[in-house]
Amino acid sequence: MSAEDAGLAYQIVDAFSERPYAGNPAGVVLDAQGLTAEQMQRVARELNASETVFAGAPAEDGLPVRYFTPTQEVDFCGHASLALGVAWALDRRPGAEALPGQLTLATRAGAVPVELRPHPTCQVEACMTQARPRFADFGYRLELLAGALGLEVAVIPPGWPLGLAYTGLWALVVPVISVDALARARPDFVALADLNRKLGCASTHLYTLTGDASLVSRDFSPAVGVPEDPVTGSALGATAALLLKEGALRKTPPVTRVSAEQGASVGRPGQARIELAEDVQGQLVVRVAGTAVPVARGALRRP
């Protein structure tokens, strides 16, 4: 049987969850050698997960990967990176180290080391080191932002960190006063997509603080074809970095740990753990960890 006859193998992996049908489903294609960007986009549209990750042949600088939403390519995706790491470990891919080990992903946002750790119930958990954090101010009126989110300005608390943050993908990070207010968000997706494009970011990430180091959040990414994403590894890392920078999180050297919950609003609750530390140069390092559960595998006709 030829490779073309055998089809293109894929998996669906639920990231940031210890059980199936929760967290954020990612499409994972472990053998994407030879696929063009157009073909990858067709596969991502067919699988219709918020992101599908495609891995090429291992190279000296790591495993080359590309990420596609159903409508376009993006530079990085946290939950798909975690899903890929777990799928790679469970499949015992040639070249992968025995657990515990590390896989380096070569992304358009730079090298992303993914540490693979044994886990008591899911076999494997993954911890990714995201791109060096970057920040920018939000220069629009709060009335415009609140209107696009379907919220009152009063639920955006003054003094809480609000701005643009990046750990591989830009997100507009917006505070909301409570979990109840978070649940009331009903975005105007056309207006929000337009705002995100003007700001040059992929998503708007709403968060509320529920403890000293606990977040509950929602993420809206209509500008890249994802109305609401269940659990977003990149935006959670960026949000935690912004909160630490602005003093909203209490720094606890050597590692500040943050727990995050997301996805309940779309019936797919998930959990992530974020680790914030400084390297030897005093630069902030952001790691996002979680489990993932493969729920399906199959083969697609090659596009």
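Here are the numbers for this structure:
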item: Ranked 265, 217, 234, criterion: other C-beta atoms within 10 Å, fewest first; result: 265, 217, 234
item: Rounded tilt (10° steps) of 37-47 against the dominant C-alpha axis of the chain; result: 80
item: Reciprocal of mean inverse Cα separation for the chain (Kirkwood radius, Å); result: 19.3
item: Farthest positive-ward along the chain dipole, Cα basis, beta-carbon charges - from 173, 150, 196; result: 150
item: Counted charge near residue 207, where neighbours are those whose Cβ lies closer than 12 Å (Asp, Glu -1; Lys, Arg +1); result: -1
item: Between 0 and 90°, nearest 10: helix 78-91 axis offset from the chain longest Cα axis; result: 30
item: Under 10 Å, Cβ to Cβ, from residue 74 - net charge with Lys/Arg +1 and Asp/Glu -1; result: -1
item: Relative contact order of the chain, pairs being alpha-carbon contacts under 8 Å that are 6 or more residues apart, as %; result: 22
item: The chain: angle of helix 189-199 to the longest principal axis, Cα-based, in degrees nearest 10; result: 90
item: Dipole magnitude of region 134-282, debye to nearest 20 (Cβ charges: Lys/Arg +1, Asp/Glu -1, about Cα centre); result: 80
item: Beta bridge orientation in the chain: antiparallel %, DSSP, nearest 5; result: 80
item: DSSP bridge pairs, region 134-282: antiparallel proportion in percent, nearest 5; result: 70
item: Computed over region 134-282, Kirkwood Rh from alpha-carbon pairs, angstrom; result: 15.2
item: Region 134-282: relative contact order as a whole-number percent, Cα under 8 Å and 6+ apart; result: 19
item: Inter-label distance, nm, simple model (7 Å from Cα along the C-beta direction), residue 144/residue 178; result: 3.0
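Each reported figure results from applying straightforward, stated rules to the coordinates on display, with no laboratory input. Worth saying up front: this structure is predicted, and the values here are computed from it rather than measured. When we count neighbours, we look across all protein chains shown, and the Cβ atoms used for this are built from the backbone with ideal geometry, even at glycine.
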